[in-house]
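In what follows, a single structure is set out as structure tokens and then discussed.
Values in this text are rule-based calculations from the coordinates and carry no lab data. In this text the structure is predicted, and so the values were computed from the model without any measurement. Cβ: placed from backbone, ideal geometry, glycine included. Neighbour counts: every protein chain shown.
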Amino acid sequence: MIRVKNVDKSFNGTQVLTDISVEFEPGKTNLIIGRSGSGKTVLLKAIMGLHDVDSGEIWFEDKLFNKLDFTGKKEIRKEMGVLFQASALFDSLTVEQNVRFPLDMFTDKSPEEKTERVNFCLNRVNIINVNHLYPAELSGGMKKRVAIARAISLNPKYLFCDEPNSGLDPLSAILIDELIKELTKEFSMTTIVNTHDMNSVMENGEKIIFLSDGVKCWEGTKDEILHSDCDILNDFVFANALAKKLRLEEE
Amino acid sequence: MLRFLSQFGRYVLLLKKVFSKPEKPSIYYRQTMQEMIYLGFNSIGIITIISFFMGAVITLQTAYNTENPIYPTYLIGLGCRDSIILEFSSTISALILAGKVGSNIASEIGTMRITEQIDALEMMGVNSASYLILPKIIATLLFNPVLTIISIFVGIIGGWIAGVTAGVITSEDFIYGIQYAFIPYYITYSLIKTLFFAFIITSVSAFQGYYVEGGSLEVGRASTKAVVFSSLLILLFNVILTQLLLS
């Protein structure tokens, strides 16, 4: 369980997050949605501790994460897996070395055990026979899957995904969404996904919060989102022609 | 002034992070070995070429400026040796390396910053500053003295070949000159300067790359700043160290 309480964040006097409070539940895919510039990434990075918040609290279980020192944060970070928007694979390492990196850094497993774990994680994300390739040699979808494999290599309790299907074709995007959903259930992780893709929302949104101009405007599930009376949310959800058509048909 | 102090403070804090206890020494050792090849061994070529021609030019210029029968010709060899040891192999090589290695470090770390690779390291609980910068500092501190020694030898050989080929000095006189009144401390002085310059090049360039914000344009700017600030600091410390070590 991750709890965010009354979080405020500003950059150079510009308020980016205002009084955000939300609980993210384990075993669920929690989504943060909103338009570009609404503060989704800042909120996600604040939860991960990459941005210090101006005020408020971020709790991981019973630990007040944003007040911990570097060592305390480091311990919790070992339980986090992160999928960055641009995958953030290490350019100088091969696929295998990328997935192996957290194992080399934080475990005392034997080389055979590490190789076994690497292969398990790569197989789990359906990446086969590319262990020796470098990130530059992979497609966008493959990079995302390798990044997921790296994120789950240490069996994390928390998974954070920043726009996991940005830059992907619709089919690859669906595959990544399904993978995140499956892994969340399989490993009982608390997963937080940052997205503005409505397909992801309708596929994965077990719990959704909607941000607009740094303010949490709405909270609910994928079943409730289509029937909200929040105008800003409706503008966002029914922005594309297909969604508008579906709504008209429903009405 | 305030901006300078703020940047200096950030630089000191970064160094504090860099020199904290490594997570896994075996991985840092492996990284250091790789950086020695990447930043040190791969610089041998450029240092060799530059030193050779540097030595050649010093010899020819010394010869053409001492065309007085009062001066014995072996002084050309002596002048070449001392110029190379005292100044050229340490300072000029450092300036060349600031361009090659410094821009490389700044752009590599800067690109890692803008593509969120540094964030990924931090998220894994890795001290990114230490993991990325410490092996580079150790590698250059260990390997740059080797480059300086190579530069001294190649520079003197370049001077010898140029002097003899141009007919400004005989081989015997040159060899006598490079042995004449040799002060071994000059080598120590040169190597001490090299260590300072290696630290400046690596740490200043890494600092520029580590705090890049924005995109590829900013990485390019950081790379340029790395070369400019490293070069300026090398020249400044050259004066300070010369005064401290030779006075």
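Overview of values
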quantity: Protection proxy ranking, peptides B:36-47, B:176-187, A:149-160, average beta carbon neighbours within 10 Å, highest first; calculated: A:149-160, B:36-47, B:176-187
quantity: Mean Cα-pair separation over length for segment B:119-247, i.e. relative contact order, pairs under 8 Å, 6 or more apart, %; calculated: 27
quantity: Contact order relative to length of chain A, as percent, for alpha carbon pairs under 8 angstrom and 6 or more apart; calculated: 27
quantity: Residue-count net charge about B:ALA106 - beta-carbon cut-off 13 Å; Lys, Arg +1, Asp, Glu -1; calculated: +3
quantity: Cα gyration tensor shape of segment B:24-246, rounded if a/c is under 1.5, else prolate or oblate by comparing a/b with b/c; calculated: prolate
quantity: Coarse-grained scattering of segment B:41-82 at q = 0.22, 0.25, 0.30 Å⁻¹, given as base-10 log I(q)/I(0) from a Debye sum over alpha-carbon atoms; calculated: -0.69, -0.79, -0.97
quantity: Relative contact order (%) - chain B, alpha-carbon pairs under 8 angstrom, separation at least six; calculated: 34
quantity: Centroid-to-centroid separation of segment B:134-157 and segment B:8-30 [C-alpha atoms, Å]; calculated: 22
quantity: Positive minus negative residues near A:GLU23 (Lys, Arg vs Asp, Glu; Cβ under 11 Å); calculated: +2
quantity: Whether chain A is rounded, prolate or oblate, judged on the alpha carbon gyration tensor where a/c under 1.5 counts as rounded; calculated: oblate
quantity: Pair B:THR66, A:GLU178: separation of 7 Å Cα→Cβ label points (nm); calculated: 8.1
quantity: For A:ASN165, net neighbour charge (Lys/Arg +1, Asp/Glu -1) across residues whose Cβ lies under 13 Å away; calculated: -3
quantity: Cα gyration tensor category, rounded, prolate or oblate, for segment A:128-241 with a/c compared to 1.5; calculated: prolate
quantity: Largest-first ellipsoid semi-axes for the protein assembly as shown, taking √(5λ) over the Cα gyration tensor eigenvalues, angstrom; calculated: 58, 23, 20
quantity: Cβ-Cβ FRET estimate between A:THR71 and B:GLN179, R0 fixed at 60 Å, reported to 0.05; calculated: 0.55
quantity: Distance between modelled label sites at B:MET33 and B:ILE49, nm, 7 Å Cα→Cβ extension; calculated: 3.0
